[in-house]
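S.K.: Have a look at this one before I ask anything.
The values are calculated or read from the model by the stated rules, or taken from the named source; none is laboratory data. Keep in mind that what you see is a predicted model, and the values were worked out from it rather than measured. Cβ: placed from backbone, ideal geometry, glycine included. Neighbour counts: every protein chain shown.
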């Protein structure tokens with residue numbers, strides 16, 4: 001071959017004679033602990049599921065009557081509202097945001113449904129529809145302020161929480177609609193409180209709705225392009241934008257859907273408690289309870305990781321601890337102490353898993 005010869009044949013001959021080995025990099029972290037860490041990173045709902053099973057066994061051994069079908073039914077009924085609020089909180093937290101207004105939206109939409117029917121004479125089905133639209137609009141407003149105005153989600157929803165609570169009291173004049181009146185004139189408002197029997201176990205429609213929502217959202221987040229976009233935004237919003245994800249549009253959709261879920265929770269509240277009360281404790285506690293279920297359920301507060309199923313397990317863990325400790329006759333403060341420890345432990349485990 002002469003100097004300057006660059007024929008295809010010469011290139012092929014040179015390539016044939018070059019080393020064929022490919023650079024390889026071995027992961028030296030092959031210990032059992034690292035394998036467990038990697039598995040937990042790939043399966044975010046594993047930790048809350050394990051904690052749930054252990055807590056059920058623990059309380060089952062400590063309280064003789066804990067292992068009854070009625071116990072699980074009671075726990076599920078107690079977490080129906082919190083679980084639906086947890087669905088709303090989960091999709092927001094996965095985007096690396098937070099929504100402190102979920103409880104207020106739930107209470108206000110329940111008040112809207114009730115007052116439209118009893119104060120203004122609007123048929124119950126239309127009142128419910130308008131309540132769902134109002135919740136979606138409130139959520140979309142949160143999303144607009146976060147996505148378009150570039151305001152921190154914590155500050156935005158802290159502000160709208162106060163605004164919505166105040167609007168709730170002003171609009172309702174702090175009047176409660178009694179359960180007897182709803183049952184007599186607008187029973188559809190109490191739909192999710194209706195119960196049916198499965199053997200000796202009583203199950204409410206609100207529990208069925210919660211399970212369906214969890215399963216549907218688990219599928220949507222894991223198996224659809226929209227769900228993958230939600231995770232991508234939480235993992236790295238700038239990288240998601242560069243890869244073609246419409247970040248602002250998706251964020252507004254996430255907060256709007258969260259608002260819709262809160263309105264559904266408001267409707268379930270009416271069935272769960274029977275009455276419509278603007279001073280329901282969910283307006284304040286719902287935010288903390290939903291965040292608790294999300295954190296204990298293994299959804300990372302840093303975004304981009306976690307599952308709705310894990311949140312469901314987290315809500316069940318709280319329900320198991322509350323009912324189990326009550327059955328043991330312990331001081332109620334132990335419930336808050338143990339749940340607080342679980343929250344700190346869940347965040348510590350999340351930090352460890354993220355290093356996998």
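To keep it simple, each residue is scored yes or no on (1) modelled with pLDDT of 95 or more; (2) surrounded by 20 or more Cβ atoms within 10 Å (Cβ to Cβ); (3) in contact with a strand residue (DSSP E or B) (Cβ under 8 Å, 6 or more places away or on another chain); (4) under 25 Å from residue 147 (Cβ atoms).
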position: 206; (1), (2), (3), (4): yes, yes, no, no
position: 210; (1), (2), (3), (4): yes, yes, no, no
position: 224; (1), (2), (3), (4): yes, no, no, yes
position: 227; (1), (2), (3), (4): yes, no, no, yes
position: 240; (1), (2), (3), (4): yes, yes, no, yes
position: 245; (1), (2), (3), (4): yes, no, no, yes
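S.K.: Condition test on residue 245, is it in contact (Cβ under 8 Å) with a residue 12 or more places away in the chain, closer than 15 Å to residue 304 by Cα, in a helix (DSSP H, G or I) and in contact with a helix residue (DSSP H, G or I) (Cβ under 7 Å, 6 or more places away or on another chain)?
M.R.: Answer is no for this residue.
S.K.: For segment 294-306, which residues satisfy the criterion of being at negative phi and surrounded by fewer than 24 Cβ atoms within 10 Å (Cβ to Cβ)?
M.R.: Hits for segment 294-306 are 300, 301, 302, 305.
S.K.: Can you find a residue that is within 23 Å of residue 103 (Cα to Cα) and in a strand (DSSP E or B) anywhere in segment 172-189?
M.R.: Yes, that holds for at least one residue.
S.K.: What are the residues in segment 248-293 that are surrounded by fewer than 22 Cβ atoms within 10 Å (Cβ to Cβ) and not in a helix (DSSP H, G or I), if any?
M.R.: If the condition is that a residue be surrounded by fewer than 22 Cβ atoms within 10 Å (Cβ to Cβ) and not in a helix (DSSP H, G or I), then 274, 275, 279, 281 are the ones that fit.
S.K.: State all residues of segment 38-69 that are surrounded by 14 or more Cβ atoms within 10 Å (Cβ to Cβ), farther than 22 Å from residue 90 by Cβ and touching a residue at least 40 places away in the same chain (Cβ under 8 Å); if no residue qualifies, say none.
M.R.: Residues satisfying the conditions are 38, 56, 58, 59, 63, 66.
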